[in-house]
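The values are calculated or read from the model by the stated rules, or taken from the named source; none is laboratory data. These numbers come from a predicted model, not from an experiment. Reconstructed Cβ throughout: ideal geometry from the backbone, glycine too, with neighbour counts over all protein chains shown. With ligands, DNA and RNA removed, areas are computed over all heavy atoms of the protein, side chains included. Shrake-Rupley method; radii C 1.70, N 1.55, O 1.52, S 1.80 Å.
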Amino acid sequence: MTKRHRIQFPPTDVRELCQDEVYFDVLSEESRQRIRLHDYDQIFAVPGLYEQVVYDRLKCQSPETVVEALRYSVSQSNQGLNELRVLDLGAGNGMAGEELKKQGVSRLIGVDIIPEAQAAAERDRPGVYDDYYVMDFCSLSDLERDQLKSWACDCLISVAALGFGDIPAPAFLEAFNTIGKDAWVAFNVKETFLDRSDDSGFSQLIRELIFSEYLDLYRLERYRHRFSIEGEPLYYFALAGKKTGDVPPSFTDSIDLSA
Ligand SMILES: C[S@@+](CC[C@H](N)C(=O)[O-])C[C@H]1O[C@@H](n2cnc3c(N)ncnc32)[C@H](O)[C@@H]1O
């Protein structure tokens, strides 16, 4: 059984932090280790820590919500989830992958930018992924692109990994264009990403994409992603749909991706 950790969240007076600055302390008899919620390398190095903080304490329900959005969308076609060859972008230690595997997909390929994620997925969820690559989608080499394309993925999923200092817009577009022309796509984004008042490059890209000719939207669902460490609900949208073609480079001409 995985060891339980003694975790302490910061006191209320220092809780005005951005979502990617939030930290917690892991206590032991002799030490207190401070870890940011986005320091995935440190979190994944400790078995069970990510699950205990993000899933047990903060009640994240994104893997099952995004996978259900995908299942619902695919059920409207004559395909089955069990036929899909899925690319899991920002796979981390495999929480979303495990949820997908429960549904029985044909192939599941994980990708993440840090080796600690791959190591944790193989340590904690052996056999969930058919293969797992450590790659930076912002600068894929031709060899890496060919390696991924050889899996002929017809589904892209990305859970709790887009925006917020995680996967940037160009990396998401690269992944979108790595999968087949009429592949399924399912991901989640913070609710403000669909709000016109949010003019960050990522938000603009997501809004343009979901109403573009390159994606047929099948499901858009607002739900509670998890609680913040202050105990406030954080709402996200789960989106799922079918790709209708590769996004051309000119697609982002009118979007300031650095914003
Ligand atoms: C919050 S975790 C989500 C992990 C998993 N999808 C889940 O649902 O539990 C975000 C993951 O995105 C990964 N990530 C961040 N930037 C990335 C990038 N540019 N390319 C690939 N993965 C990235 C992080 O290393 C981390 O493993």
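Tabulated data
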read-out: Enumeration of residues in the stretch 106-153 that are among the basic types (Lys, Arg) and either free of Cβ contacts under 8 Å to residues at least 40 places away in the same chain or within 12 Å of the ligand (Cβ to nearest atom) (or both); value: Arg125, Arg145, Lys149
read-out: Residues within the stretch 70-96 that are more than 10 Å from the ligand (Cβ to nearest atom) and either closer than 21 Å to Phe137 by Cβ or open to solvent by less than 10 Å² (accessible area, probe 1.4 Å) (or both), tallied; value: 7
read-out: Filter result for the condition that a residue is within 10 Å of the ligand (Cβ to nearest atom) and outside the structural domain of Ile229 (by TED's automatic domain parsing), over Glu99, Glu51; value: Glu51
read-out: Hits in the stretch 154-163 (condition: near the ligand (Cβ under 9 Å from one of its atoms) and either within 14 Å of Cys138 (Cβ to Cβ) or open to solvent by 30 Å² or more (accessible area, probe 1.4 Å) (or both)); value: Ala160, Ala161, Leu162
read-out: Residue pairs meeting the criteria (Cβ under 7 Å; at least 6 apart or on separate chains; first touching a residue at least 12 places away in the same chain (Cβ under 8 Å), in the stretch 66-95; second of a type in the set (S, T, N, Q) and part of a loop (DSSP other than H, G, I, E, B)); value: Asn82/Ser106; Glu83/Ser106; Leu84/Ser106; Arg85/Ser106
read-out: Total residues in the stretch 43-63, condition touching a residue at least 40 places away in the same chain (Cβ under 8 Å), assigned to a helix (DSSP H, G or I), open to solvent by 30 Å² or more (accessible area, probe 1.4 Å) and more than 13 Å from Gln8 (Cα to Cα); value: 3
